Amino acid sequence: MEERLKKIMSQVFDTPVESINKVSSPDTIDNWDSVNHTNLVLALEQAFGISFEPDEIIELMNFELILIILKEKGIC
């Protein structure tokens, strides 16, 4: 799942997949702004067939947290 998440983030943020890692966040990815955060949420929902609650969307602020939330939703 980590590789799939890296590919999604790479596409959304238009950055090389090799630059996505466990500490990737708005602080480390220049293109991670509010618009692309929304695009990331939509891409994750579509890719994994899930929906995020508003409080979860706020928590999707780095690679590691996204993984945790995906696991909580049963995506392994």
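The values are calculated or read from the model by the stated rules, or taken from the named source; none is laboratory data. Everything numeric here is computed off the predicted structure, so don't read it as measured data. Here Cβ is always computed from backbone atoms with ideal geometry, including for glycine, and neighbour counts include all displayed protein chains. Each accessible area value is taken on the protein alone, full model and side chains, heavy atoms only, with ligands, DNA and RNA left out. Shrake-Rupley method; radii C 1.70, N 1.55, O 1.52, S 1.80 Å.
Look at the range 1-16 and say how many of its residues are free of Cβ contacts under 8 Å to residues at least 24 places away in the same chain, open to solvent by 50 Å² or more (accessible area, probe 1.4 Å) and at negative phi.
Of the residues in the range 1-16, 3 are free of Cβ contacts under 8 Å to residues at least 24 places away in the same chain, open to solvent by 50 Å² or more (accessible area, probe 1.4 Å) and at negative phi.
If we keep just the residues of the range 17-31 that are without any contact (Cβ under 8 Å) to a residue 24 or more places away in the chain and touching a helix residue (DSSP H, G or I) at 6+ places or on another chain (Cβ under 9 Å), which is least open to solvent (accessible area, probe 1.4 Å)?
This residue is ILE29.
Here's a check for you: in the range 32-72, which residue that is in contact with a Phe, Trp or Tyr (Cβ under 8 Å, 6 or more places away or on another chain) and in a helix (DSSP H, G or I) is surrounded by the fewest Cβ atoms within 10 Å (Cβ to Cβ)?
Quick first cut of the range 32-72, residues in contact with a Phe, Trp or Tyr (Cβ under 8 Å, 6 or more places away or on another chain) only: 32, 36, 40-41, 44-45, 60, 69-70.
Those still in the list that are in a helix (DSSP H, G or I) too: 36, 40-41, 44-45, 69-70.
On the way: ASN36: 18, LEU40: 20, VAL41: 17, LEU44: 24, GLU45: 13, ILE69: 18, LEU70: 21.
The extreme case among them is GLU45.
Keeping to the range 1-21, report how many residues are modelled with pLDDT under 95 and assigned to a loop (DSSP other than H, G, I, E, B).
1
Which numbered condition trips up CYS76, out of (1) surrounded by 14 or more Cβ atoms within 10 Å (Cβ to Cβ); (2) in contact (Cβ under 8 Å) with a residue 60 or more places away in the chain?
Exception for CYS76: condition (1).
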